[in-house]
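Written out below as structure tokens is the structure these notes cover.
Derivation of every value follows stated rules applied to the coordinates shown; laboratory data play no part. Since this is a predicted model, take the numbers as computed values, not measurements. Counting neighbours? That spans all protein chains shown, and the Cβs are built from the backbone with ideal geometry, glycine included.
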């Protein structure tokens, strides 16, 4: 049973309405229409989003006056950092995933960040540092909520396409389970605010923004990924 039934239900409705889980990137990957080369260059770019994600969370908890509100999000940040084990930092497990598919996992310093990824990171930081707290919380929460399902889709696809053997699959297996809990923790901090009309507006804005940003990230990466793969 979810700790935030109303916010979670609203998030699910938004994800369905905009077709986030069936956007062109995920549809092409699941159908086999995406080349491995395209997948690799887009996942190299996604590394920049993975590495950046804890920073908006840190900005968000810095603005929370109630210490009790900070605990679950702080725990999330700790888990993003592998519970203080450097080899388990999410950025580092994602590097391992890149290596497993033949992408550049340890040579990202010379890669230019694509505008789609740069825009995504900037949206998250702006929402968490400057918007109403409920908007920032829900922006991150719906991204975690959707990414749990996206992780499962990507993990299944790369195994089905035999780009990675099941026993070598890393990162995405963790997030398929972990991010559902993280999302619920985000949503639970704002669930009581649902009954306040003004604060509910901020909740809705945050949910819509996070879903939009994630959808546009994948769409943008797919367009530029195809353009960066030799014909």
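Regarding the range 94-231, what's the average projected area of the Cα-atom convex hull, expressed in nm²?
Convex hull of Cα atoms, orientation-averaged projection: 9.4 nm².
When a/c is below 1.5 the answer is rounded, else prolate if a/b is larger than b/c, else oblate, so apply that to the range 4-84 with a ≥ b ≥ c taken from the square roots of the Cα gyration tensor eigenvalues.
On the way: a/c = 3.29, a/b = 1.51, b/c = 2.18.
Oblate is the answer for the range 4-84, as a/c is 1.5 or above yet b/c matches or exceeds a/b.
Computed over the Cα atoms, what is the radius of gyration of the chain divided by 2.2 N^0.38 Å, N being its residue count?
The value comes to 0.99.
Rounded to whole Å, give me the distance from the Cα center of the range 95-161 to that of the range 19-41.
Cα centroid of the range 95-161 versus Cα centroid of the range 19-41: 15 Å apart.
Helix 172-190 versus the longest principal axis of the chain: what angle, 0 to 90°, nearest 10, using Cα atoms?
Result, in degrees: 20.
If each residue's Cβ is checked for other Cβ atoms within 10 Å, how do 182, 130, 145 rank with the fewest at the top?
130, 182, 145
Round to the nearest 10 and give me the degree value, 0 to 90, for the angle of helix 133-160's Cα axis relative to the longest principal axis of the chain.
Orientation of helix 133-160: about 30 degrees from the principal axis.
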